[in-house]
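Quick note: the coordinates plus some simple rules give every number you see, no bench work behind them. As the structure is a prediction and not an experimental result, all values here were calculated from the model. Virtual Cβ from ideal backbone geometry, glycine too; neighbours counted across all protein chains shown.
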There are 2 protein chains.
Amino acid sequence: MTNIRVGIVGYGNLGRGVEHAISQNPDMELVAVFTRRDPATVEIASDAKVYLIDEAEKFKDAIDVMILCGGSATDLPEQSPHFSQWFNVIDSFDTHAKIPQHFEAVDTIAQKSEKVAIISSGWDPGLFSLNRLIGEAILPVGSTYTFWGDGLSQGHSDAVRRIEGVKYAAQYTLPIKEAVERVRNGENPVLSTREKHARECWVVVEDGADTAKIEQEIVTMPNYFDEYNTTVHFITEEEFKANHTGMPHGGFVIRSGESGAKEKQILEFSLKLESNPNFTSSVLVAYARAVYRLHQAGDKGAKTAFDIPFGLLSPKSAAELRKELL
Amino acid sequence: MTNIRVGIVGYGNLGRGVEHAISQNPDMELVAVFTRRDPATVEIASDAKVYLIDEAEKFKDAIDVMILCGGSATDLPEQSPHFSQWFNVIDSFDTHAKIPQHFEAVDTIAQKSEKVAIISSGWDPGLFSLNRLIGEAILPVGSTYTFWGDGLSQGHSDAVRRIEGVKYAAQYTLPIKEAVERVRNGENPVLSTREKHARECWVVVEDGADTAKIEQEIVTMPNYFDEYNTTVHFITEEEFKANHTGMPHGGFVIRSGESGAKEKQILEFSLKLESNPNFTSSVLVAYARAVYRLHQAGDKGAKTAFDIPFGLLSPKSAAELRKELL
């Protein structure tokens, strides 16, 4: 069996995670990393070569799947369709509201180029989406709940950092225990935003900054904090660097439904992640295997996790999977 | 859109559960129930008709999917291949060791008849299998744990009931909390059978039975109890009927692995079921939808949950799913 030849576009947290995840999968091999920076300045962990992103087209016969590791705001809306003209691709596009239009944009190109493109892979969208789907398909009478955390939110941390006088900030999203317990008990509660999650900020300020004013600005910030109960802790730079530079995350999807004689039936899927980006990378690499296999089988066009049988994610054969894991 | 026309073979706990689950799914309709008993003696909950199992062939153009609700020991090894000659079928065959041969037997017939047959659907095998697969595909470096319970084990309850002097018996399988906690903490422990699960029996004896002797027979019973710590409670018939006639079950599949810089990453899927057979029924009905759609799309042969994209389980269109659930 020949290895699946993989390329990485973008070498930030996600790209580095993908590089490592590939090393955990003996049926895959990293061919090259593509970057917008000067390749000479980009040091990578493996023996693969680094190229300018504009050189990627030359690799169209040397790379089976291109893993796109850019951001959802500006990189992927442009890169996913662009690279689909030459490559099978996978991305982790996670702007929920724009998924339908991203899907259409990628599908149009991938249908024409006869390549396979999986979009919005990862854990949410991704594994959590799968569990939302199967929960309601199996128990059509019931309610679905998604809780996130405990986890670092990059977007909220950035929002706090933009406040004048803030030097460093980490914002954690915390599911509220009482709400989770009620859901796990099958109470099917109606929960407001404030009842589901709380927010906690750990902030380092510039010398002489007005902490009372900063705290007020945080807790009242529209869209980000005003609908939540938010706790703000001001700490030293040392404490910040010791305790708040990791990127933990996780959460749970719970489907609470009923069957036949009104019995409560509860499904729960949960993740406890010490590194959010490295876990997303691991998901991308498993789904890259599915991209490759679908293309080998003559498939084409844009797909999501909903379209992918789990068997395609594993290096094992269908017969091995039935024997060992069913 | 025309409804999916469903037939049920076998009207025990599972068949009754399937009948109810169909009523929760507006795109499905129950056409008929087939039984080995005298149809006149079988009262069912819905308006569907009851027929002798030997009359099923006549319905081959009137039923899209036949849901086989027999047992794995003797019914399904015979029925699943047999009905595959005329129908798309789904079963919940759960004798893990014999799945490969069952798959081959069904596949041979279904390939010839150009029907689709999903075997071994349910929660274990089934949903738990899917989570074992995706856990190791995403985190190839790690360990997978399956715990069952708290749940009633029919097989173990029957084994206790066969002991002389026992009138009623219910046996619960209990995951051992300390073991579960160690796994959830990412310790990746090596656990013996005894360290993973305990067994608890609630027993009603005949008048004058020797309870000490019965207890000794239970806890030393080879294959069933000797490798576990087992607690035996002798109770009255009233207490038994009040508290031990339900069929709760559940459990969890945990994958504890590591990514990039040795971060612990933990996936957990859990079920808490008030009715084990009714939940299995709900799973069968969702997968029956996939059977129908695969056949509509020209597919054929035996499949397992590993071969089925989740999107096929939902009545919603692919575009709706992407918009609402991704």
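Things to note:
- Taking amide H positions as modeled 1.01 Å from N, with prolines and chain starts lacking one, the residues under 5 Å from A:Ser259 and 5 or more places away or on another chain are A:Gln265.
- Within 10 Å of the Cβ of each residue in A:125-136, the mean number of Cβ atoms contributed by other protein chains is 5.
- Entry note, region B:139-182: relative contact order of 42 percent, from Cα contacts under 8 Å with a spacing of 6+ residues.
- Overall form of chain B per C-alpha gyration tensor (a/c, 1.5; a/b vs b/c): oblate
- Centre separation in Å (Cα based) which lies between region B:293-326 and region A:79-139: 16 Å
- The ranking of A:Thr304, A:Thr220 from fewest to most other beta carbons within 10 Å of each one's beta carbon is A:Thr220, A:Thr304.
- Inter-copy label distances at B:Asn188 (7 Å, Cα→Cβ; nm, one decimal): 4.2
- For the segment A:278-290, counting C-beta atoms of other chains within 10 Å of every residue's C-beta and taking the mean gives 4.
- In terms of its alpha-carbon gyration tensor, region A:179-314 comes out oblate; a/c meets the 1.5 threshold, while b/c is at least as large as a/b.
- Average beta carbon contacts from partner chains per residue of B:18-24, 10 Å cutoff: 3
- Label 7 Å beyond Cα on the Cβ vector: B:Glu237 copy-to-copy distances, nm: 8.1
- Residues B:Arg293, B:Arg194 arranged by fewest to most Cβ contacts within 10 Å: B:Arg194, B:Arg293
- By the rule of a C-alpha distance below 17 Å, with chain neighbours fewer than 8 residues away ignored, the lysines paired with A:Lys272 are A:Lys177, B:Lys262, B:Lys264.
- Candidate aspartates and glutamates for bridging to B:Lys323, where Cα separation is under 20 Å - those fewer than 8 sequence places away on the same chain excluded: A:Asp91, A:Asp94, A:Glu104, A:Asp107, A:Asp124, A:Glu136, A:Asp307
- Sorted from closest to farthest, the other copies place their A:Lys58 label points 7.4 nm away, with each point set 7 Å from Cα along Cα→Cβ.
- Summed over qualifying helices (DSSP H, 4 residues or more, each -39500 (n - 2.57)) and divided by its residue number, chain A shows a 222 nm mean residue ellipticity of -10000 deg cm²/dmol.
- Note on A:Lys60: lysines with a C-alpha under 26 Å away, same-chain residues under 8 apart excluded, are A:Lys49, A:Lys112, A:Lys115, A:Lys300, A:Lys303.
- Mean sequence separation of contacting Cα pairs (under 8 Å, at least six apart), scaled by the length of region B:1-63, corresponds to a relative contact order of 34 percent.
- For chain A, the membrane-span-like helix rule (DSSP H, alpha carbon extent of at least 18 Å along the helix axis, mean Kyte-Doolittle at least -1.0) picks out A:99-113, A:276-296; this says nothing about an actual membrane.
- Length-normalised contact order for region A:51-197 - Cα pairs under 8 Å, 6+ apart - percent: 15 percent
- Rounded if a/c under 1.5, otherwise prolate or oblate - region A:101-229, Cα gyration tensor axes: oblate
- Residue exposure proxy: B:Glu136, A:Glu200, A:Glu55, ordered by other Cβ atoms within 10 angstrom of their Cβ from fewest to most, comes out as A:Glu55, A:Glu200, B:Glu136.
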